[in-house]
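Input: a single structure, listed below in structure tokens.
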Amino acid sequence: MEQTLKITNVLADPTRYYIYQHIVNNHGDVSVQEIADSFNIHPNVARLHLSKLEDIDMLTSNSRKTGKGGRPSRLYRLSDKVIQLHFPYRNYQLLAKIAVQSMMTLGEQGKQALYETGKVFGEELINQQLALNSTSVDRLAFAEKVNMLKNAATIAGLSPEIQASEEENKISFRIFNCPFKEVTEVEPGTICSMHNSLLKGMFEALFENVNIVEIENMMSNCAACSYQASVLT
């Protein structure tokens, strides 16, 4: 209860909450001065906000030399710890682990069912976006499809970064947050394959003849999961 009160008190400050969102979208380290400049506040105030977020394990920090002499600069980034608030208490991570391990007892058939279900959920994420915009896929231009892909991935908590070339029919897709990370550590190969099926479902709901190649994977200590997709509209 004490930790819950600390978390709610820290996030109750709007500026502090927006600073955290800024760091989420930054996909990297930030300095006190960067936050001060971005939010037009004094560096001491920025440092206080960052320290409070670090106190509740939402951020982590380290010192790094600037190469200009003087004391090292302190840089802040997202913590790997998961912060959850449930009233009353729920443990969906445990439920997910139980469900996945139950599927694994079915052998290859269970894995295939998991992959197919992941793909269906990926398709549903895009279909929800289509319904929200009251449109159909055949009415969307390439750029609109890419934007819809990014919106769906953001809603799914993937913290995506997308670069696309309509001339080359290629999309570079990077994911900076794995919403399945804790379960992935239990069944890495299986959950990563399911996640790839989910992404495939998202892409295939928007594009024809999709070919997705994984370039990087967080489970290999990469900063993000990266993919290169070749598509036809």
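The values are calculated or read from the model by the stated rules, or taken from the named source; none is laboratory data. Every value quoted in this text rests on a predicted model; they were computed, and no experiment measured them. Cβ atoms come from the backbone with ideal geometry, glycine included; neighbour counts cover every protein chain shown. The accessibility values were calculated without ligands, DNA or RNA, using every heavy atom of the protein model including side chains. Shrake-Rupley method; radii C 1.70, N 1.55, O 1.52, S 1.80 Å.
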In nm, to one decimal, how far is the modelled label at residue 186 from the one at residue 166, with both set 7 Å along Cα→Cβ? 4.5 nm
Report the accessible area of residue 105, computed with a 1.4 Å probe over the heavy atoms of all protein chains in place, in Å² rounded to the nearest 10. 110 Å²
State, as an integer percentage, the relative contact order of the chain based on alpha-carbon contacts under 8 Å between residues 6 or more apart. 15 percent
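Of the listed peptides 29-41, 128-140, 83-95, what is their order by residue-averaged count of other C-beta atoms within 10 Å, with the highest listed first? Don't skip to the answer; put the middle values down first.
Numbers: 29-41: 16.0, 128-140: 12.4, 83-95: 9.7.
Put in order of decreasing packing, that is 29-41, 128-140, 83-95.
Given a cut-off of under 8 Å on Cα pairs at least six residues apart, what relative contact order in percent is computed for the stretch 137-203?
Details: 50 pairs, mean separation 14.9, N = 67.
Once divided by the residue count of the stretch 137-203, the mean separation gives 22 percent.
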For the stretch 113-189, average projected area of the Cα convex hull in nm²: 6.1 nm²
Could you let me know the centre-to-centre spacing of the stretch 25-94 and the stretch 136-191, using Cα atoms, in angstrom? 25 Å
Full extension from residue 134 to residue 79: what is 0.36 nm times the residue separation minus their Cα-Cα distance, to one decimal in nm? 16.0 nm
List, in the order given, every pair from 52/200; 52/181; 119/170; 52/119; 6/119 whose Cα-Cα distance in the structure shown is over 30 Å. 52/200; 52/119; 6/119
Calculate the FRET efficiency for residue 63 and residue 40 from the Cβ-Cβ distance with a Förster distance of 25 Å, rounded to the nearest 0.05. 0.45
Could you name the aspartates and glutamates whose alpha carbon sits less than 16 Å from that of residue 150, not counting residues in the same chain fewer than 8 places away? 123, 124, 161, 166, 204
Between helix 2-11 and the chain: long-axis angle, C-alpha atoms, 0 to 90°, nearest 10: 90 degrees
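How large is the convex hull of the Cα atoms of the stretch 83-143 per residue, expressed in Å³ as a whole number? Could the numbers behind the result be given before it?
Working: hull volume 9.7 nm³, N = 61.
Cα convex hull per residue, to the nearest whole number: 159 Å³.
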Helix 43-55: angle to the longest alpha-carbon principal axis of the chain, degrees 0 to 90, nearest 10? 60 degrees
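Going highest first, how would you order 11-18, 180-187 by mean Cβ packing within 10 Å? Could the numbers behind the result be given before it?
On the way: 11-18: 13.2, 180-187: 16.4.
The peptides rank, most packed first, as 180-187, 11-18.
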Expressed as an acute angle from 0 to 90° and rounded to the nearest 10, what is the orientation of the C-alpha long axis of helix 188-204 relative to the principal long axis of the chain? 70 degrees
Zero-based 10 Å bins, Cα pair distances in the stretch 52-192, whole percents: 9, 25, 29, 24, 10, 2, 0
